[in-house]
Amino acid sequence: MATFARLEPFHGISSLQNHFNRLFNESFRTPSDKSALTTWAPAVDIYETPNELVVKADLPDVNEKDIDVRVENNLLTIRGERKFEKSVSEENYLRVERTYGSFSRSFSLPNTVNAEAIGAEYKNGVLTLTLPKRDESKPRQVKVNVTSASGSK
C-alpha cells in the first residue's frame, strides 16, 4: 500500500510572517513608551427617538469641569481631558493600558435639532446629551376623515 504525502508549499509562511511582525513591533517599542499619554477618542453611541437625538459618550475618570460641549454651525463638539493620576509614581505602574490626554469628537447635526435646548447629564462616567428636535420637524399625526361619495341613484 502506498502512502501519499501532501505537498504544501506555503506551509509555515503565515507563522514566519507572524514572527517577523512580532520582531518588528518589539524592536521599536521602548519601555518608556508614552503613547498611552497622548490623545484618545472616547466611544460614542448616537440614537434617535421621535422627539430627540441622544448622544452618549464614555468618559470614565474625566472630571466634569474638564468637559466642554459646544454647538457651532450644526457641528456638535465634545472636548475634554483625562489626566494621568499623579498620586502614584510612574515607576510603580506595572502596566498602563488606558489612554490619557486631550480628546475631541465632532458630529454634524441635522437642521431638525434645536441647538438652543440641548440638555447634558454626566453620571457614572457617561456623558448623555439630549438634543431635542424642532417642533416643525417632529412627526405629526393627521386625522383624515374619509367620506364616501354616493354616485348611485
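Some values worked out for this structure:
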| quantity | calculated |
| --- | --- |
| Qualifying residue in the stretch 41-49 (condition: surrounded by 12 or more Cβ atoms within 10 Å (Cβ to Cβ), at pLDDT 85 or above, touching a Gly at 6+ places or on another chain (Cβ under 7 Å) and not hydrophobic (A, V, I, L, M, F, W, C)) | no |
| Answer residue from the stretch 108-145, given it is at pLDDT below 85 and assigned to a loop (DSSP other than H, G, I, E, B) and is surrounded by the most Cβ atoms within 10 Å (Cβ to Cβ) among those | 138 |
| Number of the condition not met by residue 99 [criteria: (1) touching a residue at least 40 places away in the same chain (Cβ under 8 Å); (2) part of a strand (DSSP E or B); (3) not aromatic (Phe, Trp, Tyr)] | (2) |
| So residue 25, is it within 30 Å of residue 135 (Cα to Cα), at pLDDT below 95 and loosely packed, with under 12 Cβ neighbours inside 10 Å | no |
| Checking residue 119 against (1) closer than 17 Å to residue 56 by Cβ; (2) among the small types (Gly, Ala, Ser); (3) in contact with a helix residue (DSSP H, G or I) (Cβ under 8 Å, 6 or more places away or on another chain), the condition it does not meet | (3) |
| Subset tally (residues that are more than 19 Å from the chain's Cα centre (by Cα) and among the hydrophobic types (A, V, I, L, M, F, W, C)) for the stretch 81-110 | 4 |
| Candidates 41, 120 - the one that is in contact with a Leu (Cβ under 8 Å, 6 or more places away or on another chain) and small (Gly, Ala, Ser) | 120 |
| Qualifying residue in the stretch 113-122 (condition: among the aromatic types (Phe, Trp, Tyr) and touching a strand residue (DSSP E or B) at 6+ places or on another chain (Cβ under 7 Å)) | yes |
| Residue under evaluation residue 133, criteria (1) within 20 Å of residue 42 (Cα to Cα); (2) touching a residue at least 60 places away in the same chain (Cβ under 8 Å), criterion not met | (1) |
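The values are calculated or read from the model by the stated rules, or taken from the named source; none is laboratory data. Note that the coordinates shown come from a computational prediction; the quantities given were computed from them, not determined experimentally. All Cβ positions, glycine included, derive from the backbone under ideal geometry; neighbour counts span all protein chains shown.
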